[in-house]
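Below is one structure, written out as structure tokens; comments come after it.
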There are 2 protein chains.
Amino acid sequence: MADKVTIATVAAHANVSRQTVSNVLNTPHLVREETRERVREAIAVLGYRANQAARLMRTGRSHLLAVRIEPTRDGINGSVLDRFLHGLTEAAAPAGYRILLYAAADDQAEIATYDDLLATYELDGFVLTSTHHGDVRTSWLAERGVPFVTFGRPWGRLGADARTEPAALSGAAGSHPWVDVDNAAGTAAATRHLLDAGHRRIGFIGWPEGSGVGDERRAGWAATAGADLPELARATVDGVAEGEAAAHDLLSISDPPTALVCASDSLAAGAYGVAPPGVAVTGFDDTAVARVLGLTSVAQPLAEAAARCVDLLAGVLDGGAAPHPVLLPPSLVIRQSA
Amino acid sequence: MADKVTIATVAAHANVSRQTVSNVLNTPHLVREETRERVREAIAVLGYRANQAARLMRTGRSHLLAVRIEPTRDGINGSVLDRFLHGLTEAAAPAGYRILLYAAADDQAEIATYDDLLATYELDGFVLTSTHHGDVRTSWLAERGVPFVTFGRPWGRLGADARTEPAALSGAAGSHPWVDVDNAAGTAAATRHLLDAGHRRIGFIGWPEGSGVGDERRAGWAATAGADLPELARATVDGVAEGEAAAHDLLSISDPPTALVCASDSLAAGAYGVAPPGVAVTGFDDTAVARVLGLTSVAQPLAEAAARCVDLLAGVLDGGAAPHPVLLPPSLVIRQSA
């Protein structure tokens, strides 16, 4: 039965043109929702099955977007990218795309996978996460003309000034479509909240210099706390035990801080565990751990970031003008820890 | 250049037959690893691009497996399915498959999505998660002959005896390939651990009757604690606050329990927060929250479960005999809470 139902049958049933049915199948985001629903209903009722092979031949578009699924690590900060993935899947479907997953151990393995994916599945484009200084993935894709968008801004080479500046935000030559969350604004909001509560010596626990995101989070604290005193800042690899150790260290200096801004919920969970009563602690990413421990934490608008990534990439695929980058503000979720 | 490289060019370069190149592209898991690597290297060096459209026409196989990404909910128990998804993505690639994601609000929406996915992407099969009593998804797929595997056993209709029995495990008529973790063995191990530590009144906090997984977790406790005394068990919807309330209630009865086995880390996190010193608490799923709080918890072998799902489904797709279901043992991770 499915073989005898054609686009013409569907068009007649839905009382639209064959071109409209074709549009619903191939560029649904260009079709009005009401029409799209009517055509989809006809497709469902009639049991029409578009032939992906024929469709690919005809349109050269697979409507597949690929995204890397990252290792789970400690399950605290990694959960951010899982939430991003949920948002991406939910935003892609109404825009007419589906998400294909791949795993890769590092940037080089990821590039090898691009090659495989492009050869095998004729992907329309990629959504890259975890951009960093000297990222070789974006130049590989750009050189080959493969459409992509990044969640995370282009950080440039290490040492270059990759801070958010009007030039970078305007999508200057050499850049690519990206969506990011304003990390510095997040730690600045946490620091301001602590200042408002009367704290005057506010410490910072972050990551070693050189990670774009980590440096931004430190910059937001430094610019707001009044002075970026090295004695009030500690850098460590991420982790609960590491946060504990750094907090111990900071709280044992003479004239210790009365509040600690942390670059992640992992570090904050560790710091909060050893902070004496009255010492405030804030985290970053508003994870389940923050909710359970009662940690005040900076929340990233992950569903919105994912939806904007789909928007930008769909725009590129439809041949639109180079889209402007999107920088989203985070928000502070206040709980008992600060 | 890519247009002029053909399967014959790749075959000559790798010193294999054209059929072998075709096998590497279409059924890589049937090719010896060393040969597969050599062919893939030739493909990379020559810049050969298989044409997915042509391949689909030729083989009728897309090498895409679809899986639903579930809502994040409280980010505690939901993280289990995210970890399963990581495992699935990692296991699929070496077997020659990729994972396509979809979201769906409920079973009916999920079935509508099957239709769309089958029509548009010519999927090879589905991996279903969160099976439950009266699951309409599996019968929909089975009736249409769509290959699938479930993570979670078939629970049958509510009220039917769907416990793990030799008949169910042998893959009897009407069943389908499935992989599950032995939930009852998990709570039994937690309860035994508490008995060994000298506890004699062990309570249970779980979910309302009717969820296959929840009923199994209660059964494991009841069979091991000695007596399934209703006065020692509480049922509530999942959540930290709900765990707190249930623990309060259980600990205020006359002759209260000295230990609490919980059906989830969310419930355990709540219970542990209000339990007085000396009252032991165990959770389920070994989430990041359990690690941060120091909760003893039952861990599911999620990466292995995902890999076995890929194995079973690949076997079905290759036309093998109906595979035997797989029931995996969980393990108890002991921390300070019990």
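The values are calculated or read from the model by the stated rules, or taken from the named source; none is laboratory data. Values in this document were obtained by computation on a predicted structure and should not be read as measured data. Positions of Cβ are generated from backbone atoms using ideal geometry, with glycine treated the same way; all protein chains shown enter the neighbour counts. The area values use the complete protein model at the heavy-atom level, side chains included, leaving out ligands, DNA and RNA. Shrake-Rupley method; radii C 1.70, N 1.55, O 1.52, S 1.80 Å.
Overview of values
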quantity	calculated
Which numbered condition A:Gln336 fails, given (1) assigned to a loop (DSSP other than H, G, I, E, B); (2) in contact (Cβ under 8 Å) with a residue 60 or more places away in the chain	(2)
Residue list for the stretch B:243-298, filter: out of contact with any His (no Cβ under 6 Å at 6 or more places or on another chain), assigned to a loop (DSSP other than H, G, I, E, B), touching a residue at least 24 places away in the same chain (Cβ under 8 Å) and not acidic (Asp, Glu)	B:Pro256, B:Pro257, B:Ala263, B:Ser264, B:Ala275, B:Pro276, B:Val279, B:Thr287, B:Gly294, B:Leu295
Hits in the stretch A:112-136 - residues which are more than 10 Å from chain B (Cβ to nearest Cβ), buried (at least 16 other Cβ atoms within 10 Å of the Cβ) and of a type in the set (A, V, I, L, M, F, W, C)	A:Phe126, A:Val127, A:Leu128
Qualifying positions in the stretch B:17-27 - buried (at least 19 other Cβ atoms within 10 Å of the Cβ) and of a type outside the set (S, T, N, Q)	B:Val21, B:Val24, B:Leu25
Selection from the stretch B:232-242 of residues that are touching a strand residue (DSSP E or B) at 6+ places or on another chain (Cβ under 7 Å) and part of a helix (DSSP H, G or I)	B:Leu232
Residue list for the stretch B:287-334, restricted to those being closer than 18 Å to B:Val146 by Cβ, among the aliphatic types (A, V, I, L, M) and out of contact with any strand residue (DSSP E or B) (no Cβ under 8 Å at 6 or more places or on another chain)	B:Ala314, B:Ala322
Count of the stretch A:289-338 residues which are over 25 Å from A:Ala95 (Cβ atoms) and within 14 Å of chain B (Cβ to nearest Cβ)	12
Residue identified as closer than 13 Å to A:Phe204 by Cα, open to solvent by 10 Å² or more (accessible area, probe 1.4 Å), in contact with a helix residue (DSSP H, G or I) (Cβ under 6 Å, 6 or more places away or on another chain) and modelled with pLDDT of 95 or more among A:Thr258, A:Thr236	A:Thr236
Some residue of the stretch A:91-100 being assigned to a strand (DSSP E or B), under 25 Å from B:Pro28 (Cβ atoms) and aliphatic (A, V, I, L, M)	yes
Any chance A:Ser139 is surrounded by fewer than 22 Cβ atoms within 10 Å (Cβ to Cβ) and in contact (Cβ under 8 Å) with a residue 40 or more places away in the chain	no
Output for the stretch A:72-82, where each listed residue is open to solvent by 10 Å² or more (accessible area, probe 1.4 Å), within 7 Å of chain B (Cβ to nearest Cβ) and in a loop (DSSP other than H, G, I, E, B)	A:Thr72, A:Asp74, A:Gly75
Residues being surrounded by fewer than 23 Cβ atoms within 10 Å (Cβ to Cβ) and more than 10 Å from every other protein chain (Cβ to nearest Cβ) - total across the stretch B:83-104	3
Residue in the stretch B:305-327 that is basic (Lys, Arg), within 22 Å of the chain's Cα centre (by Cα) and within 25 Å of B:Phe84 (Cβ to Cβ) present	yes
Test: residue in the stretch A:247-259 that is under 28 Å from the mean Cα position of the chain (by Cα) and more than 21 Å from A:Leu81 (Cβ to Cβ)	no
Qualifying positions in the stretch B:194-217 - out of contact with any His (no Cβ under 9 Å at 6 or more places or on another chain), part of a helix (DSSP H, G or I) and not acidic (Asp, Glu)	B:Leu194, B:Leu195, B:Gly214, B:Arg217
Residue count, the stretch A:115-132 (criterion: free of Cβ contacts under 8 Å to residues at least 40 places away in the same chain and hydroxyl-bearing (Ser, Thr, Tyr))	1
Count - residues of the stretch A:270-284 that are open to solvent by 10 Å² or more (accessible area, probe 1.4 Å) and within 14 Å of chain B (Cβ to nearest Cβ)	3
Checking B:Pro325 against (1) at pLDDT below 95; (2) of a type outside the set (Phe, Trp, Tyr); (3) closer than 28 Å to B:Phe126 by Cα; (4) surrounded by fewer than 21 Cβ atoms within 10 Å (Cβ to Cβ), the condition it does not meet	(4)
Selection status of B:Ala184, modelled with pLDDT under 95 and open to solvent by less than 40 Å² (accessible area, probe 1.4 Å)	no
Selection status of A:Ala190, crowded, with 24+ Cβ neighbours inside 10 Å, under 30 Å from A:Val310 (Cβ atoms) and touching a helix residue (DSSP H, G or I) at 6+ places or on another chain (Cβ under 7 Å)	no
The stretch A:142-159: number of residues that are more than 13 Å from chain B (Cβ to nearest Cβ), surrounded by fewer than 19 Cβ atoms within 10 Å (Cβ to Cβ) and basic (Lys, Arg)	1
